[in-house]
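In what follows, a structure is listed as structure tokens, so that the remarks can point back to it.
The values are calculated or read from the model by the stated rules, or taken from the named source; none is laboratory data. The shown structure was predicted, so the numbers you read here are calculated from the model rather than taken from an experiment. Every residue, glycine among them, receives a Cβ derived from its backbone with ideal geometry; neighbour counts consider all protein chains shown.
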Amino acid sequence: MFRRLPDAKRDTVSLTVDGNALTARAGDSVAAALLAAGVLVCRTSAVSETPRAPYCLMGVCFECLLAIDGRQNRQACLVQVADGMRIETQAGKREVGR
Amino acid sequence: MAAPDVIVIGGGLHGCSSALHLARRGLAVTLLEKDHVGRHASGVNAGGVRRLGRHVAEIPLSLAAMELWHGIRDLVDDDCGFESHGQVKVAESEAELEILRRRVAELGTLGYSHEELLGADGLREILPAVSPHCTGALLCRADGAANPYRTTLAFKRKAESLGARIEEGRRVTGLRRVRGLWRIETAEGAAFESPVVINCAGAWADRIAALLGEPVPLEVWALMLMISGRLPPFIRPVVGTVARPLSFKQFANGTVLIGGGYRGRAERDRNWTELDFRGLAQSAETVWDLFPAMRGAEIVRAWAGIEARMPDDIPVIGPSSTEEQLFHAFGFSGHGFQLGPIVGALIAELVTGGRSNLPLAPFRVDRFQKGPA
Amino acid sequence: MSDLAGLKASYELAVVGAGPAGLAAATLAAELGIDTLLIDEQDGPGGQIYRAIARSPLGEPAILGADYWQGATLLAPFRASGAAYLPGAAVWSVSRALEIGVSAGGTARLIQAKHVILATGALERPFPIPGWTLPGVMTAGAAQILLKSSGLVAEGEIVLAGSGPLLWLVAAQYLRAGARIAALLDTTPRANRSAALRHFPAFLVSSYFAKGIALMRAVKRRVRVVRNVTALAGEGQSRLETVVYREEDGRERHLPANLLLLHQGVTPNLNLANATGCAQAWDERQLCFKPVVDGWGASSIDGVSIAGDGAGIAGAAAAEARGRLAALAAAAKLGRIASAERDRRAAAHRAALARAERGRAFLDTLYRPAKAFRVPQGDVVACRCEEVSAREIVAAVALGCSGPNQMKSFLRCGMGPCQGRLCGLTVSELIADARGLSPAAVGYYRLRPPVKPITLAELAGLPKSSEAVKAVERS
């Protein structure tokens, strides 16, 4: 879905997404790294559990919420990739029949 | 247009409840609200519906109100988001548990049994997520929480359906007797007349009382609340503690509301409140200590409503001490929401029959002038 | 991610946002000897318009164009100015006493300032069409960010849709990067062209004209452009598969697409200003709310100034000038320069501002988005976070929710994590439309801190109130 321009020179960074290995470039945001690797859907929505993906990539839409290194609900577009980072996509619905 | 039988000043829950109960008795009611219905404390509080932990004077009112809450749909055609999974007050030490034991004993001597004592095991059964250091709790099983804005709006709409007129954007600036009627003037230059006036003006009720020359030592408070992002369900009852200010509940959508009475700053004339993050930090620390499951949570919003507090932390309900045909219902000191449905009924009883069916002596408006020198 | 350990407890001037306004303001203030701190959420300076300017991975400067690289001229002076710089940090609160709540690296701090300049820039206007929440639908700005920061360009069936200069700029940048664009669907209302005509002479002599014409020509040569598009929708099972659009003649067309890039202008990013208590007003020409500021950027809150697009959309060059004017005013207020000197120095920046603003009226009028794309209908999601539809909002108006704050309490719209950034304008306009009023009369969400989420750990780590007296016993 997104390809890397040949000029884009950067060191590679290794991380995992839901346990699967993924290679990114230094300087990528986590959101960009996922898109570059063809991972579009990052979570399901909170009310209806429909799939969502990053929308604005500048930190205002809060669609790219992921668990990063154990911390939930982080805006992936505001976090830079680092070696060994653990990323988990989030299932949205918290509601339980009461 | 014919003058109404009653004018209610203030469109919070107590004002709308008064309007509703008066309209149910066939009276023509006009309610004057300076902003919009539910704009202040009534619309933004924690929504706690509790008998637990009430001042003894409030208990008869609270018990009667709870019966109304459990049939709230019959009263206002809306369930108001009311959910009843109990309220608990948690003890964090043996000394605190002893305080709870004495409370149950005290209530017992007065004939009340709605607060149950739980030991550590009983507490863990209903509140598995609470920190292991907690020693026990008081529980009111039929207590719960509702949506404050939705509730206030429901009372307003039901009152309107029974003929009450609710006028928003009407700020009362003048109140005096003219030819045996109350004449009310508003900031926009409108005027209203009626034989009876109810003062439900919340944090501005002392201003209304001052127009009568009736002194009321009301304090304005900005009580702070904050809400988390969505979390997996881990708690059902509403939680408070013995020693530390806390009101803690998780909604069906997974968000957790944290209140408890830390105060920000209010400027009531500008409808403005400012948060004090040091106070919220203290609140966060309490949550951290009590609920390890919350440690990964984030706070997405905080706010503070404008509330009225009386020096003895219980409201003013009852007739004016200086004027005929004027009644007060204000000053609920941070815990008026649950009482809303019954207070309107009591006001309606006072207006139509001159007396109420529940004891209101502790809530006299002139009680602050008596007392020890 | 930087950490807060090196931060002092107080600064004379705090600037929030490291785009052109913030960089220019912090630089000038520090050069005047003011103890200045520039705080920004991104890891590098430049804001959004000059995103990644300090470390762009792109080897070929022609892709992004000269206007982008102009931003680099702001960097060296900033670095030399002596201002402290705190990147990767989110400001979540500014109190009226100018106490700033900021978080970075999992820790939060409260910092005191004597003056604050908010330079929080702009964000893209919401574009509530059916299917806009589908994976595969993004803003044009998002695609631009991926290009600038990571050297990523989309492949497959790419459709751009909307209105405004940024749409054409992204198209041009994408073409230069070697991407293939299936279509550009222009939703600019036909009627806008005649309305914009009277502003055309000023536009003609502005810097926007020549650049704009060249850009559009370059794009039109290689991309199928459909004008006067009156309706848009994204369709697909669990991600975007088709873009459906309606042309002027009423005919509906379907385009296979796996990426839809939407853009219909930018609006001020005003959450922090709003939460601080700064007064706002509706701008009927730009169809958005913006903070009320005077000619020096001073807001309605003493000690808080607002500069750049965050005070009203006027572009990067105007943002620099307004940043400098705000810094001069702060310097005078802090007693560092006399007001006569402030006025003398300001003259050049006012001239630059006037030049930068020339031609904006034309752009604002020409690209004023159509009502159909601002006021959605039916099941179209108005609030993405809480999944509240236009239909539900209109129904709640009928029940008595006459403003956005009541709507928020009743339906939860605006209560989600984005705090109304992507629904505020839509909800205000929906209510206004349902009530037959102007958005000015209806108002906007009343926002509160924290304007960005803070963790319980961060909050608990702040200094506590020493007075337990301030708390209330609940019983």
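A few comments on the model shown:
- The C-beta contact set for segment C:167-187 (first residue without any contact (Cβ under 8 Å) to a residue 60 or more places away in the chain and within 13 Å of chain A (Cβ to nearest Cβ), second residue assigned to a loop (DSSP other than H, G, I, E, B) and crowded, with 24+ Cβ neighbours inside 10 Å, distance under 7 angstrom, 6+ apart or interchain) is empty.
- Residues that are touching a Leu at 6+ places or on another chain (Cβ under 6 Å), more than 8 Å from chain A (Cβ to nearest Cβ) and part of a helix (DSSP H, G or I), drawn from segment C:143-166: C:Ala143
- The listed residues are B:Gly340, B:Gly296, B:Gly305, B:Gly336, and the only one of them that is more than 14 Å from every other protein chain (Cβ to nearest Cβ), farther than 20 Å from B:Pro195 by Cα and of a type outside the set (Phe, Trp, Tyr) turns out to be B:Gly340.
- Residues in segment C:54-70 that are small (Gly, Ala, Ser) and under 19 Å from C:Gly212 (Cα atoms): C:Ala62, C:Gly65, C:Ala66.
- Residue in segment B:227-256 that is nearest to B:Leu139 (Cα to Cα), counting only those that are within 14 Å of chain A (Cβ to nearest Cβ), of a type outside the set (D, E, K, R) and outside any loop (DSSP other than H, G, I, E, B): B:Val238
- Looking across segment C:176-207, the residues that are hydrophobic (A, V, I, L, M, F, W, C), within 26 Å of C:Glu235 (Cα to Cα) and over 25 Å from the mean Cα position of the chain (by Cα) come down to C:Ala179, C:Ile181, C:Ala182, C:Ala183.
- Members of segment B:141-171 that are surrounded by 24 or more Cβ atoms within 10 Å (Cβ to Cβ) and not in a helix (DSSP H, G or I): B:Asp143, B:Gly144, B:Ala145, B:Ala164
- With respect to the conditions (1) over 24 Å from C:Thr267 (Cα atoms); (2) surrounded by fewer than 19 Cβ atoms within 10 Å (Cβ to Cβ), C:Glu357 falls short on a single one, namely (1).
- Considering residues of segment C:108-132 that are crowded, with 24+ Cβ neighbours inside 10 Å and not aliphatic (A, V, I, L, M) only, the residue farthest from C:Pro376 (Cα to Cα): C:His115
- Look at segment B:336-358: where a residue is outside any helix (DSSP H, G or I) and a partner is not acidic (Asp, Glu), sitting 6+ places away or on another chain with Cβ atoms under 7 Å, you get B:Gly336/B:His14; B:Gly336/B:Pro315; B:Ser356/B:Leu346; B:Ser356/B:Leu350; B:Leu358/B:Pro60; B:Leu358/B:Leu61; B:Leu358/B:Ala64; B:Leu358/B:Leu346.
- Looking at segment C:59-141, the strands (runs of 3 or more DSSP E) lying wholly inside it that each contain 1 or more residues that are under 29 Å from C:Leu169 (Cβ atoms), under 20 Å from the mean Cα position of the chain (by Cα) and more than 13 Å from chain A (Cβ to nearest Cβ) sit at C:107-118.
- Checklist (1) within 13 Å of another protein chain (Cβ to nearest Cβ); (2) closer than 27 Å to B:Phe155 by Cβ; (3) surrounded by fewer than 24 Cβ atoms within 10 Å (Cβ to Cβ) applied to C:Cys383, failing item: (3)
- Unmet requirement for C:Gly19, which otherwise passes all of (1) touching a helix residue (DSSP H, G or I) at 6+ places or on another chain (Cβ under 8 Å); (2) of a type outside the set (Val, Ile, Thr); (3) within 23 Å of C:Pro450 (Cα to Cα); (4) away from chain A (no Cβ under 14 Å): (4)
- Failed criterion for A:Gln72 (all others in (1) closer than 21 Å to C:Leu259 by Cβ; (2) assigned to a strand (DSSP E or B) hold): (1)
- Looking at segment A:1-57, the strands (runs of 3 or more DSSP E) lying wholly inside it that each contain 1 or more residues that are within 26 Å of B:Gly229 (Cβ to Cβ) sit at A:12-17, A:20-25.
- If you check B:Glu115, B:Glu160 for being touching a residue at least 12 places away in the same chain (Cβ under 8 Å), on the phi < 0 side of the Ramachandran plot and touching a strand residue (DSSP E or B) at 6+ places or on another chain (Cβ under 7 Å), only one passes: B:Glu115.
- Considered as a group, the residues in segment A:75-88 that are in a loop (DSSP other than H, G, I, E, B) and at negative phi include one that is farthest from the other protein chains (Cβ to nearest Cβ), and that residue is A:Asp83.
- Annotation: of all residues in segment B:297-322 being modelled with pLDDT under 95 and out of contact with any helix residue (DSSP H, G or I) (no Cβ under 8 Å at 6 or more places or on another chain), the one that is surrounded by the most Cβ atoms within 10 Å (Cβ to Cβ) is B:Val300.
- Some residue of segment C:289-303 being part of a loop (DSSP other than H, G, I, E, B), within 14 Å of chain B (Cβ to nearest Cβ) and among the hydroxyl-bearing types (Ser, Thr, Tyr): yes
- Meets criteria (surrounded by 20 or more Cβ atoms within 10 Å (Cβ to Cβ) and more than 13 Å from every other protein chain (Cβ to nearest Cβ)) for C:Ala396: no
- Residues in segment C:229-256 that are among the small types (Gly, Ala, Ser), in a loop (DSSP other than H, G, I, E, B) and out of contact with any Gly (no Cβ under 8 Å at 6 or more places or on another chain): C:Ser238, C:Gly250.
- Considering residues of segment C:178-196 that are in a helix (DSSP H, G or I) and in contact with a Leu (Cβ under 9 Å, 6 or more places away or on another chain) only, the residue modelled with the highest pLDDT: C:Asn192
Condition check ((1) at pLDDT 95 or above; (2) within 14 Å of chain C (Cβ to nearest Cβ); (3) buried (at least 18 other Cβ atoms within 10 Å of the Cβ)) across all residues:
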{"position": "B:Leu31", "(1), (2), (3)": "yes, yes, yes"}
{"position": "B:Ala41", "(1), (2), (3)": "yes, yes, yes"}
{"position": "B:Val104", "(1), (2), (3)": "yes, yes, no"}
{"position": "B:Gly108", "(1), (2), (3)": "yes, no, no"}
